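J.: Below are the structure tokens for one structure; questions will follow.
The values are calculated or read from the model by the stated rules, or taken from the named source; none is laboratory data. The model shown is predicted, which means the values in this text are computed figures rather than measured ones. Every residue, glycine among them, receives a Cβ derived from its backbone with ideal geometry; neighbour counts consider all protein chains shown.
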């Protein structure tokens with residue numbers, strides 16, 4: 001069967017785009033996964049639901065924007081199977097720093113670019129982030145220790161004293177001067 005198609009990824013008109021309005025120093029979106037009219041299939045031993053009945057068929061697939069999620073989930077599972085000791089932040093960083101950028105789009109449309117699972121196996125560089133990094137970042141963004149405790153669910157979470165550094169080891173950042181974006185650092189391929 002031949003189906004005419006528009007090559008993925010396509011960022012849908014209704015997809016969220018950057019810059020991040022609350023934290024403009026973090027580029028959003030992180031990456032682009034296949035995004036419009038994406039097919040996803042599942043094995044024959046998992047039923048489909050038709051009018052409330054479980055139906056087993058040999059070939060089942062769905063199409064839609066939400067189907068980018070299984071592609072990303074599969075990429076994460078693939079990376080975790082190869083690097084079982086990597087943290088979630090390390091895996092996210094590997095996916096982000098190996099994204100394939102399209103010169104026709106901006107980082108505020110596609111983030112670090114389209115995910116490339118095979119390249120993410122050996123990113124060369126990744127940024128690992130721990131909870132204290134996020135806590136410090138939120139503290140430096142104006143959140144109080146009480147608000148941090150509400151977010152973490154841990155009453156021992158407190159803002160570090162005398163720390164005014166950015167303190168977020170994140171694979172994409174924007175440098176702001178006087179509220180204007182001056183440099184986007186979003187990809188390990190970028191030479192600085």
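J.: In the set 181, 192, which member is in a loop (DSSP other than H, G, I, E, B) and at pLDDT below 85?
T.: One residue alone meets the criteria, 192.
J.: Name every residue in region 108-128 that is in contact (Cβ under 8 Å) with a residue 12 or more places away in the chain and outside any loop (DSSP other than H, G, I, E, B), in order of residue number.
T.: 108, 109, 110, 114, 117, 119, 120
J.: Within region 27-47, take every residue that is surrounded by fewer than 17 Cβ atoms within 10 Å (Cβ to Cβ) and modelled with pLDDT of 75 or more and give me the one that is nearest to residue 99 (Cα to Cα).
T.: So the residue we want is 43.
J.: Ok, one more. Does region 120-138 contain any residue that is at pLDDT below 85, surrounded by 20 or more Cβ atoms within 10 Å (Cβ to Cβ) and on the phi > 0 side of the Ramachandran plot?
T.: no
J.: If you don't mind, another one. Out of the residues in region 48-58 meeting the condition of being out of contact with any strand residue (DSSP E or B) (no Cβ under 8 Å at 6 or more places or on another chain) and either at pLDDT 80 or above or part of a loop (DSSP other than H, G, I, E, B) (or both), tell me which one is nearest to residue 121 (Cα to Cα).
T.: 58
J.: Then there is this: Please find, within region 139-163, the residue that is surrounded by the most Cβ atoms within 10 Å (Cβ to Cβ) out of those that are free of Cβ contacts under 8 Å to residues at least 12 places away in the same chain and assigned to a loop (DSSP other than H, G, I, E, B).
T.: By that ranking, first place goes to 154.
J.: Can you find, within region 102-116, the residue that is nearest to residue 85 (Cα to Cα) among those that are crowded, with 18+ Cβ neighbours inside 10 Å and touching a helix residue (DSSP H, G or I) at 6+ places or on another chain (Cβ under 8 Å)?
T.: By that ranking, first place goes to 115.
J.: Considering only region 149-178, state which residues are under 22 Å from residue 87 (Cα atoms) and modelled with pLDDT of 85 or more.
T.: Within region 149-178, 151, 152, 153, 154, 157 meet the criteria.
J.: Anything in region 59-95 that is loosely packed, with under 11 Cβ neighbours inside 10 Å, assigned to a loop (DSSP other than H, G, I, E, B) and either at pLDDT 75 or above or in contact with a helix residue (DSSP H, G or I) (Cβ under 9 Å, 6 or more places away or on another chain) (or both)? List them, or say none.
T.: If the condition is that a residue be loosely packed, with under 11 Cβ neighbours inside 10 Å, assigned to a loop (DSSP other than H, G, I, E, B) and either at pLDDT 75 or above or in contact with a helix residue (DSSP H, G or I) (Cβ under 9 Å, 6 or more places away or on another chain) (or both), then 84, 85 are the ones that fit.
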